Amino acid sequence: MDNLREKIKDKQRIVIKIGSSSLMHDETDRLNLLKIEKLVRTLVDIKNSGKDVILVSSGAIAVGRSAVGFDTKPTELSVKQACAAIGQARLMMVYQKIFAEYNSLAAQVLMTKNTVQNKTNRLNARNTFNELLKLHAIPIVNENDTVSTYEIEQLNTFGDNDRLSAIVSSIVGADLLILLSDIDGLYTDDPNKNPNAKFIDYVDTLDDKTLDMGKSTSKSSVGTGGMAAKLVAAKIATYSGADMVITNGNDIENITRIFNGENVGTFFKSNKVSNLDLNTLID
């Protein structure tokens with residue numbers, strides 16, 4: 001396994017997902033600008049080393065909610081959509097400003113489930129990503145929350161950005177997916193509830209026993225995905241040929257540690273499936 005960790009430095013196309021809880025201050029649920037600056041600096045440095053980098057970023061609803069003064073997470077879909085519309089613009093403004101400070105381009109890519117369920121749309125998305133990467137831009141991806149409605153929510157949404165990031169990894173042919181989460185990695189049980197839960201640093205194959213370790217809840221007031229969502233993402237990513245690492249996003253330096261081959265987070269080994277039908281893993 002140490003050898004697999006050491007080979008991470010040779011990965012050429014990397015997708016990094018950061019959750020809402022890793023972007024916000026715990027006390028206020030407002031943007032943590034110092035952390036975002038560290039994230040951008042790290043991404044640009046990876047790109048400057050000759051690698052392709054794509055960021056999947058949550059946070060639009062949380063930023064919009066903060067902007068309009070909501071103290072709690074909205075539950076009504078139309079309110080979530082409104083918050084997303086306000087927050088997505090604000091979040092991209094922050095990203096664009098900080099990327100520009102490092103003389104780097106950022107590009108917004110908003111996706112829906114239809115983007116990947118339709119073969120032509122999927123190919124168009126791949127071509128767009130490839131062209132952006134050729135232009136040395138860093139695509140910033142999020143789900144297009146503003147166009148979902150209650151009636152089609154289950155059909156046209158991914159449900160969480162963990163799964164979305166894995167789908168992006170599959171579309172672009174990434175060889176590494178890093179999920180920055182509010183937890184150190186995979187445990188045998190929820191460590192917030194079970195003090196005897198044991199940390200798992202390496203997963204060779206995603207069997208039923210491993211998948212059953214997932215918990216569908218998130219402890220954050222701004223996040224949406226729990227460990228169950230991350231294990232679904234692991235299935236999509238590894239079956240598509242990418243290694244995946246879940247690590248704690250509270251410390252952005254964990255990205256650098258991963259590329260240094262350090263034993264950080266939970267490493268999921270790629271197990272590429274030939275003739276993979278991505279739609280069977282999305283639903």
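None of the figures in this text is laboratory data; all of them are computed from the coordinates on show. Note that the structure is a prediction, hence the values are computed from the model and not measured. Heads up, the Cβs are rebuilt from the backbone with ideal geometry, glycines too, and the neighbour counts pull from every protein chain shown.
Numbers at a glance
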read-out	value
Helical mean residue ellipticity (222 nm; -39500 (n - 2.57) per DSSP H run of 4+; nearest 500) of the chain	-13000 deg cm²/dmol
Extreme residue, positive dipole direction of the stretch 2-282, given options Gly214, Tyr239, Ile98 (C-beta unit charges)	Ile98
Within the chain: Cβ-based charge dipole about Cα centre, in debye rounded to nearest 20 (Lys, Arg +1; Asp, Glu -1)	640
Global form of the stretch 100-146, assessed from the alpha-carbon gyration tensor, a/c cut-off 1.5	oblate
Residues of the stretch 111-142 with amide N under 20 Å of the 7 Å Cα→Cβ point at Gln12	126-139
Added length on full extension, which subtracts the Cα-Cα distance from 0.36 nm per residue, Lys272 to Arg30	83.2 nm
Mean separation of Cα contacts under 8 Å, 6 or more apart, over the residue count of the chain: relative contact order %	23
Cα gyration tensor, the chain - rounded (a/c under 1.5), prolate or oblate	rounded
Glu76/Thr280 FRET efficiency (R0 30 Å; Cβ-Cβ; nearest 0.05)	0.40
Pairs beyond 31 Å (Cα-Cα), from Lys80/Lys193; Lys73/Lys269; Lys47/Lys73; Lys7/Lys97; Lys7/Lys134	Lys73/Lys269; Lys47/Lys73; Lys7/Lys97
Other-chain or far-sequence residues with amide H under 5 Å of Gly241's (modelled H)	Asn271, Lys272, Val273
Spin-label model distance (nm) - Gln117 vs Asp201, 7 Å beyond Cα toward Cβ	4.2
Of Lys113/Lys272; Lys119/Lys198; Lys38/Lys230, those spanning more than 32 Å from alpha-carbon to alpha-carbon	Lys119/Lys198
Phi to ³J(HN,Hα) by Karplus 6.51 cos²θ - 1.76 cosθ + 1.60 over the stretch 33-45, Hz, x for Gly, Pro	5, 5, 5, 5, 4, 4, 4, 4, 4, 5, 5, 5, 5
Cβ-based charge dipole, the stretch 2-282, positive-most Cα from Ser66, Leu135, Ile183	Leu135
Listed peptides 165-172, 129-136 by packing density, highest first (mean Cβ within 10 Å)	165-172, 129-136
Taking Ile18, Ile246, Ile36 and counting other C-beta atoms within 10 Å, the order from fewest to most	Ile36, Ile18, Ile246
Antiparallel %, DSSP beta bridges [both residues in the stretch 2-282], to 5	20
Order of Lys209, Lys47 under a 10 Å beta carbon neighbour criterion, fewest first	Lys209, Lys47
Anisotropy class of the stretch 14-117 from Cα gyration tensor, a/c 1.5 cut	oblate
Residue exposure sequence - Ser104, Ser22 - by fewest surrounding Cβ within 10 Å	Ser104, Ser22
Amide H contacts of Val53 (H built 1.01 Å from N, under 5 Å, at least 5 apart or other chain)	Ile14
